[in-house]
1. Just wondering, is there one or more residues in region A:44-66 that are away from chain B (no Cβ under 14 Å) and either closer than 21 Å to residue A:235 by Cβ or of a type in the set (S, T, N, Q) (or both)?
2. On the basis of being modelled with pLDDT under 90, within 22 Å of residue A:290 (Cα to Cα) and either polar (S, T, N, Q) or within 15 Å of the chain's Cα centre (by Cα) (or both), does residue A:228 make the cut?
3. Would it be correct to say that residue A:80 is under 25 Å from the mean Cα position of the chain (by Cα), within 12 Å of chain B (Cβ to nearest Cβ) and among the aliphatic types (A, V, I, L, M)?
4. Which ranges mark the helices (runs of 4 or more DSSP H) fully within region A:57-166 that have 2 or more residues being within 30 Å of residue A:275 (Cα to Cα)?
5. Sort out for me the helices (runs of 4 or more DSSP H) sitting completely within region A:186-305 that have 2 or more residues that are within 11 Å of chain B (Cβ to nearest Cβ) and among the small types (Gly, Ala, Ser).
6. Condition (residue is away from chain A (no Cβ under 11 Å) and touching a Ser or Thr at 6+ places or on another chain (Cβ under 9 Å)) applied to region B:103-116: is it met by at least one residue?
7. Which of the following residues is among the aromatic types (Phe, Trp, Tyr) and farther than 30 Å from residue B:262 by Cα: A:211, A:136, A:178?
8. Picking from A:22, A:60, which residue would you name as being free of Cβ contacts under 8 Å to residues at least 12 places away in the same chain, touching a helix residue (DSSP H, G or I) at 6+ places or on another chain (Cβ under 8 Å), charged (D, E, K, R) and within 29 Å of residue B:151 (Cβ to Cβ)?
Amino acid sequence: MAGAGPGKALPVRRRRRHPQWRGLLYIAPAMALVVVFFVMPVLFTGWMSLHNWPLLGSPRWIGFNNYFRMANDARFVSALRFTTYYTVIVTIAIFAVAFPLAIFVEKHRRFVGAYRTIIFLPVVVGLASASLLWVWLANVDSGFVGPALKALGVVEKSPNLLATFDSAFFTIIVMVVWKIAGFTMIILLTGLQAIPSELAEAARIDGAGRWQRFRYITLPLMRRTIALALIISVTGSILAFDQFYIMTSGGPQNRMISVVYYIFNQSFVSFNLGYGAALSIALLAILVVISVMQLRLLRVGEDRA
Amino acid sequence: MTLSKMNASMSLSRRRRARKAFRAESTYHATGVAIALFFLVPFAITLLASFRHGTEARLPPLPPWPANGISLDSYRSLDTFGAGVWQHTFNSLLVSLATVALTVAVSVLAGYGFSRYRFPLKNVLFVLIIATLMIPFQSILTPLFIILARLGLNNSLFGLTLVYVTLQLPFSVFMMRNAFDAVPKEIEEAARIDGARDLKLLFRVLMPLVLPGIATVAIFAFLNAWNEFLAALVLLSSNEKYTLPVLMMAVRAGRLGAVNWGAVQAGVAVMTLPCLVVFLLLQRYYMRGLMAGAVK
């Protein structure tokens with residue numbers, strides 16, 4: 001570039017110095033959409049959260065009362081507790097399945113491409129479709145799982161999987177793992193493939209066992225990828241709604257109300273729009289904290305790797 | 001003699017090694033098939049069961065295939081919900097395809113603008129678009145609902161489309177900016193000398209070069225719009241406007257306490273098949289997008 005000579009560089013620099021306003025024209029549609037359907041709603045959420053905002057009738061300024069209410073709202077606290085519980089369990093389950101899968105499909109063997117594709121298939125269908133599919137599979141009389149277990153003689157009576165909290169929760173975890181594991185697998189696979197094979201080879205020659213190689217070579221080198229997959233899984237799980245709404249309707253004894261589900265109920269079932277907005281701000285704050293933690297985690301990964 | 005003995009022992013060890021490799025290979029593929037079955041069987045059972053007779057819809061899918069002849073009863077009963085399955089499939093298709101078209105148009109323009117022009121606040125605006133990824137749209141549904149109502153776009157498929165396009169923008173603008181960045185400036189210079197400027201340059205010369213990026217953006221826009229549930233549930237209020245996932249809520253709720261599982265199976269088939277087909281046909285572009293997102 002520098003070799004182009006001063007005579008040539010001058011006009012280029014002059015052209016670049018004054019702004020090219022036409023560029024703004026190109027990005028205008030995107031900016032308009034982001035401002036109207038994202039920036040304004042975010043600001044508006046904050047504004048609404050300071051009001052008692054019914055669906056009909058005029059909103060009334062109530063300051064921070066919605067936030068005080070939130071602190072004493074037992075149902076919100078239990079929604080938070082349930083969402084945390086779900087996030088922890090489902091993330092562990094996804095990793096427990098996706099990591100072995102990633103190692104399984106990393107090998108260069110025949111049909112490995114087909115395995116990858118098949119494992120990934122559920123990722124591209126909607127969570128709503130997947131929930132519907134599994135609510136049928138789990139149905140006590142007309143489904144597949146219970147009747148098949150009965151036909152195989154494993155159980156005497158087809159179990160009603162969605163009737164008790166534990167079995168319904170377990171069913172949802174299985175559904176989500178089925179739906180999401182392929183995605184996490186592909187993310188982890190990119191990390192695995194980035195590890196130079198000479199490293200593992202050298203360790204093997206030095207007498208490191210399979211577990212030692214995994215623990216001291218694979219895991220540390222994949223820190224960044226693992227952090228990324230972890231964050232995607234955690235943020236996605238915190239926002240879970242479809243599976244609880246479709247599969248159990250918040251079911252058994254309203255014990256499966258996630259945070260988003262609770263916001264949905266407050267805003268669009270009870271029409272406490274102001275309170276719903278305050279809850280949204282709380283959710284938003286939680287996710288921003290997690291996003292910041294994400295950046296830090298990723299950076300830590302970079303340092304050590 | 002010693003030579004032949006050596007040969008014999010070598011071939012023996014080679015045979016043993018071959019047998020061991022074969023056993024490892026078999027174990028590997030047996031595991032692979034078992035895994036593949038777990039991920040495939042739910043789709044297969046649903047699709048097969050959806051072609052059973054209406055009288056069998058209540059029965060468990062044992063065997064899953066239509067043992068008493070193929071019938072479209074389940075699809076017919078799905079058609080009795082809402083405004084009919086054609087109407088809702090049409091709604092879903094309309095929203096998804098419009099989302100694809102608008103997302104591509106808006107993100108190509110924005111990607112080009114961000115990649116090739118210099119203007120004040122350029123980086124701030126780019127970061128603003130990307131930063132919307134950090135904020136979940138679930139938390140801004142209430143104001144979206146009110147803003148759309150003020151714009152006269154409540155309960156409108158167009159309003160829903162605009163929301164979907166906005167949700168696609170961070171990923172799509174990022175993809176398209178990278179796609180344009182990857183096009184060598186010399187091509188543009190040459191085209192400029194030939195007299196192609198601005199929009200003409202963009203559409204005639206650059207568009208074909210960023211087509212893979214457009215394919216990626218389009219697939220993600222289609223799948224996300226086709227599959228989205230919560231925003232559609234909140235923003236659409238009249239029956240005939242429902243997209244497929246919202247229609248399925250009526251099917252899931254059932255009538256008089258009884259769920260028509262045949263209609264559920266048919267509905268799942270209608271909702272999942274387009275996704276699977278689009279993915280299998282355009283897998284390469286889908287994976288590119290995934291990697292771009294992952295690497296970022």
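The values are calculated or read from the model by the stated rules, or taken from the named source; none is laboratory data. What you are looking at is a predicted structure, and each value in this text was computed from that prediction instead of being measured. Because the Cβ atoms are built from the backbone with ideal geometry, glycine has one as well, and the counts that use them run over all protein chains shown.
1. yes
2. Taking the combined requirement at face value, the residue satisfies it.
3. Criteria not met by residue A:80.
4. A:65-71, A:74-106, A:127-137
5. Qualifying helices (runs of 4 or more DSSP H): A:223-238, A:273-304.
6. Looking for residues that are away from chain A (no Cβ under 11 Å) and touching a Ser or Thr at 6+ places or on another chain (Cβ under 9 Å), one finds at least one in region B:103-116, hence yes.
7. Values: A:136 fails: farther than 30 Å from residue B:262 by Cα; A:178 fails: farther than 30 Å from residue B:262 by Cα.
After ruling out the rest, the residue left standing is A:211.
8. A:22
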